[in-house]
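These notes concern the structure reproduced below.
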Amino acid sequence: MESEPTQDAGALSSIAVVKPEEFTMTIQGGMLEALGINMYTTLGKCLVEFVANAYDAESPRVDIAIPVGEIEKARDQVRRAARASALAEAQAAGGRAPSSRGRILLLALPEDIKVTIRDAGNGMTPQQVQNVFLPINRKRRIGNDGQETNLKTENGLRYAMGRKGLGKLAGFGAAGVVRVETKRRGQDFATSFCMRYDKLVAEPNLSEVVLPATYIPGKEVQESYTLIELSALKCDAVRNNVDSIKSTLSEAFFGILPADFEIKVNEEVVVAETPKYEFTFPSGPRVDAEGFATVRLDIDDMPEPLEYRYSVRFREKGAHLPAAKRGARIYCNNRLAAGPTLLDLPTGMHNFHAQSYMECIVIADELDRFGVDIINTNRTHLRQDSQLVEKLLSTVTESMMEGIKAHSKFRNARAEQDIQDNPEARMLDRVAQQLPPRSRGPIKKLLTTLAARHGVDSTEFKEVAPLVINAANASEVLIKLIEVGANPESIEKVAGHLRDLAEIERLDALKLYRGRRNGINALKKLELEGEENWKKKASETQLHALFKSDPWLIRPEFTRPIVSDEDLSKLASKLARQIGVDSFTPMQKSGKDDLTRPDLVFVMADSAMPSEVVIVELKSPTLPLELEHLTQLERYMRKVEQFIEIELSGRFCAVRGILIGALPDSTTTAEGSLDLLHKMKKAGIREPWEVVGIRSLIERALQIHQAAIDTLEEELKEDDEEEEAQDSQSAGDTSNAPYAEGGVEAT
């Protein structure tokens, strides 16, 4: 068979080349994924965009209807069908993970389930739909002069929130179908059209898409509105409950009063959260009636300074914010423009834990009125490529730092008063006053720090403060001598010997606390490595080994477990020895010894008799906890309670449980995790169990032990500096120093 002749370079050059006079740019349908799905991943975020459109339409209100019950029922049915399909696919593929598992997140609910958003704004004529609403990335603020001078809404009633013309695509983040119905005052009909994601995404050029229009006659001439219907809702996008959606809307629109613009979700008005703050910064004459201080920033090449208002606020102790809500929120024209974010707040600053309770509200309307777009499309950050933004953000960071320092002083002042008002704490303070001057300051600072962070009535204060005071000096002996009225000279002599002993104790204590810091770091490492090891059980084994060797990570008073991963029959034997029972009834299961194995069991005693048995169940830090895990812990607790009731003959001994692992995300869709979160939410303070996340455990351990580490290291540093000064002084006095030839000190 003859081969086809090949073309050489000369032949190729003779081929006719088309040279068009002009080129055209197309926007393919796939662009909708970047502007819709990827930017607006939840229903709440989608609704924010439509609410902003209603505000810009000068509507006095917007009503959102979400059929919660229908959505929950349909989600359950769709996901169960998807899991069954995925299981069948995996079995057919020999156990391999199905290729479609990622698509489960985008599965749609039936189209008859709809979320609606209706306003009473200006509405649109058919021509406005075509020329104003539908163009993608239309710059609505451009005036006749080509500059962004159209800063206000159509009738000048409000400063406009919108700028880019992309909000209409937000619906595709949560729905596959977006229907728009709108009516302009003065017309007796409404205009309606529908956008379907599956059709638009396949279009080679969005500018050539045809959307059939429908006109609905018989409307009141004076009526005006716009109605948005979202259907074919995506399973994952509608996972959040109504309270979460209302919180998203409330946070997105700060400072808007319902009297000016009312937002309703399922007939309930969305109102801004009014948390209780224990401290705000700044205060006094610097702030206005709303609690905000004004800052004027001078920026090079700008004729006038940028003016904004801010307030740094700290919620009451115990009402800490989720990590995603901490830090600064920057608002422009009543809408969130960036944040929440901690910006460049240094992680090592004093009182940094205050960030858990801190929010900084920044009202910077002028940022959105300069005619330059510096707000990112997803409204989480500002574009940091300008001197204006850099200076603003650095100034806000400084304000948060100043607020944290002022909050620390406030907390310390209140803690000092609490110490004096509490008899036990006041006694510890008096003990600290008997210490040598060099130790007195750091120890008093420690007492104040512990009281400020935990409160004088807390377990942490009562357990840690005496331990460190005793490590710093043998103060218990000293205070007893004072109490019995011993001769002051005798006290001083005894104290001299005790201080020598205390120096050794103090160094040992510092070694102890440094060791505890290493334990905390090991726990951090396990938590950080969780994502990589999520399929391995090794991380659970490492967690078990860590808590067995360093049980104080769980609770400061834990020293060693009486049982570590041993079956309940062995636990019964060891409990019997603790209780002092010669013979006991074994824990049984189906007539046989119970071989189920709790991870760790501790016995706490006020005297020789145990007063509390604590069972700790550990789960991998890499997999979210579920209700099944708590049920397992409760089963252990029930069996131990039954055993104690028989063997203790009615004497009281509490049984408590601690479940430790990775807390599920609040937006999880896993049924087991949702069941656990629901039970935790309904649980009262009297429940005999608690569920603790790894991150919470790290934070708690740091709070309890870091203050002691810092105090002891500070005292040791002062000693070293004093010794260096003495050595330096001795080195300067060389009159009697023995030297060998050449000026080298003789040995």
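The values are calculated or read from the model by the stated rules, or taken from the named source; none is laboratory data. None of the values given here were measured: they were computed from a predicted structure. A quick note on method: Cβ atoms are made from the backbone with ideal geometry, for glycine too, and the neighbour counts reach across all protein chains shown. Surface accessibility is based on the protein's heavy atoms, side chains included, excluding ligands, DNA and RNA. Shrake-Rupley method; radii C 1.70, N 1.55, O 1.52, S 1.80 Å.
Residue separation times 0.36 nm, minus the C-alpha to C-alpha distance between Gln384 and Thr596: what's the value? Could you put the intermediate results ahead of the total?
Values: separation 212, 0.36 × 212 = 76.32 nm, distance 5.72 nm.
Full extension from Gln384 to Thr596 adds 70.6 nm.
Go through region 632-701 and name the chymotrypsin sites (Phe, Trp or Tyr not before Pro) that are in a DSSP coil and have 12 or fewer other Cβ atoms within 10 Å of their Cβ.
Details: sites: Tyr636, Phe643, Phe652, Trp689; in loops: Phe652.
The qualifying sites are Phe652.
As an exercise, use a Förster radius of 25 Å and the Cβ-Cβ distance of Ala90 and Thr667 to find the FRET efficiency, rounded to the nearest 0.05. Please report the intermediate quantities before stating the final value.
On the way: r = 26 Å, r/R0 = 1.02.
That pair, Ala90 with Thr667, gives E of 0.45.
Give the residues of region 625-649 whose amide nitrogen is closer than 15 Å to a point set 7 Å from the Cα of Lys681 in the direction of its Cβ.
Residues 627 fall inside that zone.
I want to check the label-to-label distance for Arg83 and Ser573. Put each point 7 Å from Cα in the C-beta direction and report it in nm to one decimal.
Label at Arg83, label at Ser573, 4.1 nm between them.
When a/c reaches 1.5 or more, the comparison of a/b and b/c decides; with that in mind, is region 248-309 rounded, prolate or oblate per its Cα gyration tensor?
On the way: a/c = 3.14, a/b = 1.66, b/c = 1.89.
Oblate shape, in that a/c is at least 1.5 and b/c is the bigger or equal ratio.
Ordering Ser394, Ser356 from largest to smallest accessible area (1.4 angstrom probe), what's the sequence? Display every interim value, and only then the final one.
On the way: Ser394 55, Ser356 0 Å².
Correct descending sequence by accessible area is Ser394, Ser356.
Kindly state, to the nearest 0.05, the FRET efficiency for Asn241 paired with Ile646, given R0 = 35 Å and r defined as their beta-carbon distance.
Working: r = 45 Å, r/R0 = 1.28.
Once rounded, the FRET efficiency stands at 0.20.
What ³J(HN,Hα) values, in whole Hz, does the Karplus curve 6.51 cos²θ - 1.76 cosθ + 1.60 give for region 114-126 when θ = phi - 60°, with x put for Gly and Pro?
Computed from phi, the couplings for region 114-126 are 10, 9, 10, 10, 10, 10, 10, x, 5, x, 9, 7, x Hz.
Do any GluC sites (Glu not before Pro) in region 269-311 lie in a DSSP loop with no more than 15 other beta carbon atoms within 10 Å, and if so, which?
Glu273, Glu290
Determine the sum of side-chain charges near Arg426: Lys and Arg each +1, Asp and Glu each -1, restricted to other residues whose C-beta is under 12 angstrom from that of Arg426. Each step should come with its number before you reach the end.
Values: positive: Arg430; negative: Glu416, Asp418, Asp421, Glu424, Asp429.
Summing Lys/Arg as +1 and Asp/Glu as -1 gives -4.
Distance check, please: which entries in Lys525/Lys570; Lys548/Lys570; Lys405/Lys679; Lys199/Lys325 exceed 27 angstrom between their Cα atoms?
Details: Lys525/Lys570 32 Å; Lys548/Lys570 17 Å; Lys405/Lys679 38 Å; Lys199/Lys325 37 Å.
Pairs exceeding 27 Å: Lys525/Lys570; Lys405/Lys679; Lys199/Lys325.
Which FRET efficiency value, to the nearest 0.05, is calculated for Thr459 and Glu304 with the Förster distance at 51 angstrom and r the Cβ-Cβ distance? Working shown, then result.
Values: r = 56 Å, r/R0 = 1.09.
The computed FRET efficiency comes out at 0.35.
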